[in-house]
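The values are calculated or read from the model by the stated rules, or taken from the named source; none is laboratory data. Quick caveat: nothing in here was measured; it's all calculated off a predicted structure. Positions of Cβ are generated from backbone atoms using ideal geometry, with glycine treated the same way; all protein chains shown enter the neighbour counts. Please note that ligands, DNA and RNA were not included when accessible areas were found on the heavy atoms of the full protein model with its side chains. Shrake-Rupley method; radii C 1.70, N 1.55, O 1.52, S 1.80 Å.
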Amino acid sequence: MGLGRCFRSNSNFKMVSWSVLMRIQATLQKEMVREFLAEFMSTYVMMVFGLGSIAHMVLGGKKFGSYLSVNLAFGFGVTIGMHVAGNISGAHMNAAVTFTTCALGRMPWRKFPVYVLGQFLGSFMAAVTIYSLFYTAIIHFSGNLLTVTGPTATAGIFATYLPEHMILWRGFLDEMFITGMLQLCLFAITDKDNNPALRGTEALVVGLLIVIIGASLGMNSGYAMNPSRDLPPRFFTFIAGWGKQVFSIPRKPQSLENSMVCEDHRITELPKTSPSTTSPIAPSIQPVPSLSGSMPLEQF
């Protein structure tokens, strides 16, 4: 009887397992599920290559990376991402591209949240992956102090930050123009009624487009051009220990020509001391280190 019960138990287990596998297979065959996974995987691949190249440049200096290597990594990361998911979802990898596609009637709006969710999760997991792979290098480089600005800042590995010469509204206009250029060129590359890229070369041409945009227009704002590229890694850095400063705009320190002291929201000017006056306790004003703007890095 014991053997019979064991046999029946194994048979029931196999039947349940087979039923579960069949349900999973049926779910994965659904169009929107496949498109979600395609956007997740293509964005993940693109972001792992891109963020990894920035980590090499920031943490290893000129020995392991450069701004050109970042452009190439993001560009060809996009190319590989298109090969991963191009025939399934179109491999948008970019919420702005998905929005434009829906707005022009080329895709139903019901797919918009599915695509964007896949992109955001893929980008977030890519940030987690790069943080895990380069954790010891990040800690060594930063002295165990995770900062957004300064000579050992590491937040720029994951998200874009404006340099000192840029202000917020100029950064907004810069990103709006670059994203428009990206979309215009994508339409030109894929427009079958005009002069599209040769069949089978679209992914390579789009990758080269990203490299060109980075090399020519990336200095001011980091040419993110993509909420799916910037927001999820930024949220990750907030969670991982960089704090709420990742959502702020770094500002240059104020001039201290007149040695100002701020206390209880009141500003009091310290009395000036003539060169001939000697004091056993002369006030010592330490220079404030300048905030070095994070390097504009990045993509699609």
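Brief remarks on what is shown
- Pairs of Cα atoms in region 78-152 fall into 10 Å distance bins, from 0 up to the last occupied one, in shares of 17, 35, 21, 20, 7, 0 percent.
- You can think of it this way: the chain between L184 and V33 has 51.5 nm of extra reach, that is 0.36 nm per residue less the Cα-Cα gap.
- Accessible area of R34 (1.4 Å probe, protein heavy atoms only, ligands and nucleic acids ignored): about 100 Å².
- Accessible area, probe 1.4 Å, largest first, for residues V20, V48: V20, V48
- Probe 1.4 Å, all protein chains present, accessible-area order of K244, K111, largest first: K244, K111
- FRET efficiency estimate (nearest 0.05) - Cβ-Cβ, Q245 to I24, R0 45 angstrom: 0.60
- Kirkwood hydrodynamic radius over Cα pairs of region 27-247, then Stokes diffusion coefficient at 25 °C and 0.890 mPa s, in µm²/s: 138
- Peptide packing: for 208-218, 59-69, 97-107, the average count of neighbouring Cβ atoms within 10 Å per residue gives the ranking 208-218, 97-107, 59-69, highest mean first.
- Probe 1.4 Å, all protein chains present, accessible-area order of H56, H83, H165, largest first: H83, H165, H56
- D174 - accessible surface, heavy atoms, 1.4 Å probe, Å² rounded to 10: 30
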